[in-house]
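The values are calculated or read from the model by the stated rules, or taken from the named source; none is laboratory data. Only a predicted model underlies this, so the values are computations on that prediction, with no experimental measurement involved. Quick reminder, even Gly has a Cβ in these numbers, built from the backbone with ideal geometry, and neighbours come from all protein chains shown. In case anyone asks, the SASA skips ligands and DNA or RNA and just uses the protein heavy atoms, side chains included. Shrake-Rupley method; radii C 1.70, N 1.55, O 1.52, S 1.80 Å.
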Amino acid sequence: MSGPLVLGIETSCDETAAAVLAPGPRVLASVVSSQVDLHARFGGVVPELAGRAHLELLAPVVAEALERAGAVGHPPVGAVAVTSGPGLMGSLLVGLSHAKALAMAWGVPFIGVNHLEGHLFASLLDHPDLEWPLVVLLVSGGHTMVVAVEGLGRYRLLGQTIDDAAGEAFDKVARFLGLGYPGGPAIDRVARDGDPTAFAFPRALADHGFDFSFSGLKTAVVRAVERAPEANTADVAASFQEAVVDVLVTKAVRALEASGARGICLAGGVAANSQLRARVEQACAERGVAALVPSLAMCTDNAAMIAAAGQWRLEHGAPSPLDLGADPNLELAFAR
Ligand code: KG4
Ligand code: ZN
């Protein structure tokens, strides 16, 4: 397939990332510099620190991606794609202005990418032959959505969280249990030694519809530990994780059955959860449909997925204007 190399840049939260994508799409290089250590002692992402770290890290990360990809021509790539939202304003601005400057200096098109659409494209990089329509469960630190994807660029929102995101619930409960940051991987690890039936935590809104609510679950965990301070942390973590995964899988399966999709696709940081991955694979196997579970590197934030979404946007539309602004609350464009 012919077409330009695309440089992708991602700085919406706490990963500074750059990637180079060839047509296909084929990832030539993907560099992710995580700021986890920087934010860990504060128990969460500190926006001002994230912005400043992106500023220091982005140029070397981009240089490394270009070098690893062997992109040495003039210009080294044929287009630059960057996350323009949603995310932290200061962090988005660092990536966006860097991408614009490179596109201008190299005289190549510039494409602003919706971070959420990037997560949807991550699966495509792992499963280039995936067949639509699919139900995508997009679960990250900021979002929890069930999306019916009829084809690339054609999204229908079936449901979303009415309060906390799934990843946010993992992070908050982990902090409460003293398991550190980021909470998702910590709970996942500790839960392996726990009994998921030890506590019967609530499954909010489980019986109907596609929307989620996780703030009551977090409160239920706090109450349970206050009532039983001697409780085994592994049991609490496993029971909490079971409650989250149960609701996520129930809703994804309901969406699958309501929409007649060919499978369930996982996306976003929480898609790295071992229990969620296992339960989605099991539910799909039982129904004879595809389970599209991305590699761990494609679950969490990276720039290859941004380059992939940008490459597709460039092929199916127009580049973005150079005065495109960062939008911390950017929403996916859903069909009605
Ligand atoms: O997609 P992502 O990297 O960043 C956002 O766009 O939000 O997702 C980060 C979220 C965090 O809340 C983190 O705790 C969660 O994904 N996460 C996990 C796991 N790994 C990361 N949650 C549950 N289990 C995991 N193994
Ligand atoms: Zn993300």
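Here are a few things to note about the model shown:
- Checklist (1) more than 26 Å from PHE176 (Cβ to Cβ); (2) open to solvent by less than 30 Å² (accessible area, probe 1.4 Å) applied to TRP312, failing item: (2)
- When region 1-26 is filtered for residues that are among the hydroxyl-bearing types (Ser, Thr, Tyr) and away from ligand 2 (no atom under 16 Å from the Cβ), only SER2 remains.
- Members of region 125-152 found to be within 16 Å of ligand 1 (Cβ to nearest atom) and not assigned by TED's automatic domain parsing to the domain that holds LEU292, listed by number: LEU125, ASP126
- The one condition in (1) closer than 26 Å to CYS284 by Cβ; (2) assigned to a loop (DSSP other than H, G, I, E, B); (3) modelled with pLDDT of 95 or more that LEU137 fails to fulfil: (2)
- GLY24 vs. criteria at positive phi and open to solvent by 40 Å² or more (accessible area, probe 1.4 Å): yes
- Residue within region 32-42 that is within 20 Å of GLY310 (Cα to Cα) and modelled with pLDDT of 95 or more present: yes
- Total residues in region 158-178 satisfying the condition of being near ligand 1 (Cβ under 9 Å from one of its atoms) and aromatic (Phe, Trp, Tyr): the figure is 1.
- Condition check for GLY153: at positive phi and modelled with pLDDT under 95: yes
- Of the helices (runs of 4 or more DSSP H) lying entirely inside region 223-336, those containing at least 2 residues that are among the acidic types (Asp, Glu) and farther than 20 Å from ASP126 by Cα span 233-259.
- So VAL247, is it farther than 25 Å from SER12 by Cα and within 16 Å of ligand 1 (Cβ to nearest atom): yes
- For region 1-25, taking the residues that are in contact with a His (Cβ under 9 Å, 6 or more places away or on another chain) and either farther than 20 Å from GLY95 by Cβ or hydrophobic (A, V, I, L, M, F, W, C) (or both), the one that is farthest from ligand 1 (Cβ to nearest atom) is identified as ILE9.
- Hey, PHE214 open to solvent by 40 Å² or more (accessible area, probe 1.4 Å), in the same structural domain as ALA165 (by TED's automatic domain parsing) and touching a helix residue (DSSP H, G or I) at 6+ places or on another chain (Cβ under 7 Å) or not: no
- Taken over region 117-158, residues that are within 16 Å of ligand 2 (Cβ to nearest atom), among the aliphatic types (A, V, I, L, M) and over 19 Å from GLU315 (Cα atoms) amount to 6.
- Of PHE210, PHE199, all but one fail to be in a loop (DSSP other than H, G, I, E, B), touching a strand residue (DSSP E or B) at 6+ places or on another chain (Cβ under 6 Å) and either within 27 Å of THR300 (Cα to Cα) or not β-branched (Val, Ile, Thr) (or both); the exception is PHE210.
A quick yes/no check of all residues on (1) over 22 Å from the mean Cα position of the chain (by Cα); (2) open to solvent by 30 Å² or more (accessible area, probe 1.4 Å); (3) in the same structural domain as VAL46 (by TED's automatic domain parsing); (4) farther than 27 Å from CYS284 by Cα:
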{"residue": "ALA200", "(1), (2), (3), (4)": "yes, yes, no, no"}
{"residue": "HIS208", "(1), (2), (3), (4)": "yes, yes, no, no"}
{"residue": "ARG223", "(1), (2), (3), (4)": "yes, yes, no, yes"}
{"residue": "ALA231", "(1), (2), (3), (4)": "yes, no, no, yes"}
{"residue": "ALA234", "(1), (2), (3), (4)": "yes, no, no, yes"}
{"residue": "ALA243", "(1), (2), (3), (4)": "no, no, no, no"}
{"residue": "GLY260", "(1), (2), (3), (4)": "yes, yes, no, no"}
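- Note on region 27-49: residues that are within 16 Å of ligand 2 (Cβ to nearest atom), open to solvent by 50 Å² or more (accessible area, probe 1.4 Å) and farther than 21 Å from GLY142 by Cβ total 0.
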